[in-house]
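Comments concern the structure below.
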Amino acid sequence: MRTMTAALGIIAATAAHAENRIDIVRPDAPELAAYGDHKIGVTTMTFTNPDQIDVVNTGSNGDIARYDRSLTVEIWYPATDDTIPGGTLTALVRDGMTEATLTGQAARDAVPDTSQTFPLVIISHGYPGNRFLMSPLGENLASKGYVVASIDHRDSTYDDQTAFGSTLVNRPWDQRFVIDSITGLGGDLGQIVQDDNVAIIGYSMGGYGALIYAGAGVTNASTEYTWGAPQGLLERNMMGTESHAGLEDPRVKAFVAFGPWGNNTGFWDADGWAGIDKPLMLIAGSVDDVSIYDDIRGIFDDTVNTTRHLLTFENANHNAGAPMPAPVETYDLPANDDGWFPFGHYSDAVWDTTKMNNVSQHFITGYLDLHLKGDDGKADYFDLVPSGTDAVWSVDDNGDLQDDHTYWKGFRPRSAFGLMFETKQAGE
């Protein structure tokens, strides 16, 4: 019987991967990773920001090109109780050509739940990426009472990846424009959005943009990199400029950055980090060799004017916690000459991606509930001994916690191994 049960479990797991399910919550997931009580809708919208700087078509001298910058956005939101769960998303994978079908609980264009309003969460992908890269997080948060808008950043998606300077210049402004666009919507969807209660979640270059938006303007030196933005266009995001000051946004209450890129290449200094005074959560792998883990820790150490957290997946690389599990359509895609292959864009050499997604969902749920919904009880989920490996599980035969119990709140026994969670208060 035990052998048959195990076999059935393997079959079920294989079927789930074959469907590219984005809604999997493992049995060992921490408490707050579970889906919430809301049915979920999903819709696609495109917003056009007129007369923007066209970094891609601007040379090192001469006129600065301009264009209308269109951004496609996937929006997950709480839907009415009579919504029938289930639906699929069609997404390009890392090679920019192959389509994958993703399966989740959201119903396409379902009727929004207009009985109440919900905070807004912006999701911003890496370079390259697309609006589906963090779809497990987007759908999960919508089930808990958030409207979640995930951006396709132009010049930075799998099928239109172009000049890196465009990403450097545009990321925080794309995030700002989408906030303005979503909070300005009419109709039922616009009716449910809290227009003054927003969080931004960014991965890699999305994290770079979120940190600039949070108040960390870049250095003058970074505006002069020959491989960066031409003609000093990055000065738009430079600390001390009127343009960067224009990003100050009282609507945004909290920021999350997965593996944020930039501190490893001199984009910030102490003055920049002093500009962040809103809550910040950093999530990283301890062997990140893209954004460099020590430099991410530097952000944690140097943002001294805010309360901040650092969640570390020990021995994970740059894909820690953010990307969805690799779609099965990537399994057979070939490697290029240097050995890189599309599957590796989503996976980690050590950690199971779904496990990491669930841990991230747990902590981000508690963090957003605390800062956007005023749920002060969620603070208990962050009062942790730093090392999950060193935490002690101690209960008596009746299941009552003992005095020496220090295990992470919401985690099952033995399920926090390999995790670190650290907090510093403003002034530390």
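The values are calculated or read from the model by the stated rules, or taken from the named source; none is laboratory data. Remember, predicted model here, so these are calculated numbers, not experimental data. Neighbour counts are summed over all protein chains in view; Cβ atoms, including those assigned to glycine, are modelled from backbone coordinates with ideal geometry. Calculation scope for accessible area: heavy atoms of the full protein, side chains included, ligands and nucleic acids excluded. Shrake-Rupley method; radii C 1.70, N 1.55, O 1.52, S 1.80 Å.
The table for this structure:
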{"item": "Residues whose placed amide H lies under 5 Å from that of V218, excluding near-sequence neighbours", "result": "M238, M239"}
{"item": "Note, ³J(HN,Hα) from phi for the stretch 42-48, Karplus 6.51, -1.76, 1.60, rounded to Hz, x at Gly and Pro", "result": "9, 8, 10, 9, 10, 10, 10"}
{"item": "Dimensionless Rg over Rh [the stretch 357-428; C-alpha; Kirkwood]", "result": "1.00"}
{"item": "The stretch 354-408, accessible surface, carbon-and-sulfur percent (1.4 angstrom probe)", "result": "42"}
{"item": "Dipole axis of the stretch 260-396 (+1 Lys, Arg; -1 Asp, Glu on Cβ), positive-most option in N263, S387, Y367", "result": "Y367"}
{"item": "Mean separation of Cα contacts under 8 Å (6+ apart) over length of the stretch 176-248, as relative contact order %", "result": "22"}
{"item": "Carbon plus sulfur fraction of accessible area for the stretch 87-203, probe 1.4 Å, in percent", "result": "43"}
{"item": "Cα gyration tensor, the stretch 162-279 - rounded (a/c under 1.5), prolate or oblate", "result": "prolate"}
{"item": "Proximal charge balance of G410 [Cβ under 15 Å; K/R count +1, D/E count -1]", "result": "+1"}
{"item": "Heavy-atom surface of the stretch 223-289, accessible at 1.4 Å and reported per residue (Å²)", "result": "38"}
{"item": "The stretch 304-428 pair-distance distribution - Cα-Cα, 5 Å bins, rounded %", "result": "2, 9, 15, 18, 17, 14, 10, 7, 5, 2, 1, 0"}
{"item": "Using θ = phi - 60° and Karplus 6.51 cos²θ - 1.76 cosθ + 1.60, couplings along the stretch 60-65 (whole Hz; Gly, Pro as x)", "result": "6, 8, x, 5, 8, 6"}
{"item": "Cβ-placed point charges (K, R +1; D, E -1), dipole of the stretch 336-382 about Cα centre in debye, nearest 20", "result": "160"}
{"item": "Of W408, W393, W351, the one that fluctuates the most in a GNM where the chain has Cα springs shorter than 10 Å", "result": "W393"}
{"item": "The stretch 281-349, dipole about Cα centre (Lys/Arg Cβ +1, Asp/Glu Cβ -1), debye to the nearest 20", "result": "340"}
{"item": "Estimated Rh, the stretch 85-189: Kirkwood, alpha-carbon pairs, angstrom", "result": "15.0"}
{"item": "Centre separation in Å (Cα based) which lies between the stretch 37-92 and the stretch 323-401", "result": "26"}
{"item": "Square roots of five times the Cα gyration tensor eigenvalues for the stretch 254-337, Å", "result": "29, 14, 11"}
{"item": "Distant-in-sequence amide H partners of S70 (H built 1.01 Å from N, under 5 Å)", "result": "N49"}
{"item": "Bins of 10 Å, starting at 0 and running to the largest distance - Cα pair percent for the chain", "result": "5, 22, 33, 27, 11, 3, 1, 0"}
{"item": "Over the chain, relative contact order from alpha-carbon pairs under 8 Å, at least 6 apart, %", "result": "15"}
{"item": "Listed pairs K278/K409; K39/K409; K39/K278; K144/K373 exceeding 20 Å between Cα atoms", "result": "K278/K409; K39/K409; K39/K278"}
{"item": "Distant-in-sequence amide H partners of A79 (H built 1.01 Å from N, under 5 Å)", "result": "K39, I40, G41, D113"}
{"item": "Principal axes of the stretch 30-136: Cα extent on each, largest first, Å", "result": "57, 33, 27"}
{"item": "Rounded to 5, percent antiparallel among DSSP beta bridges of the stretch 51-192", "result": "70"}
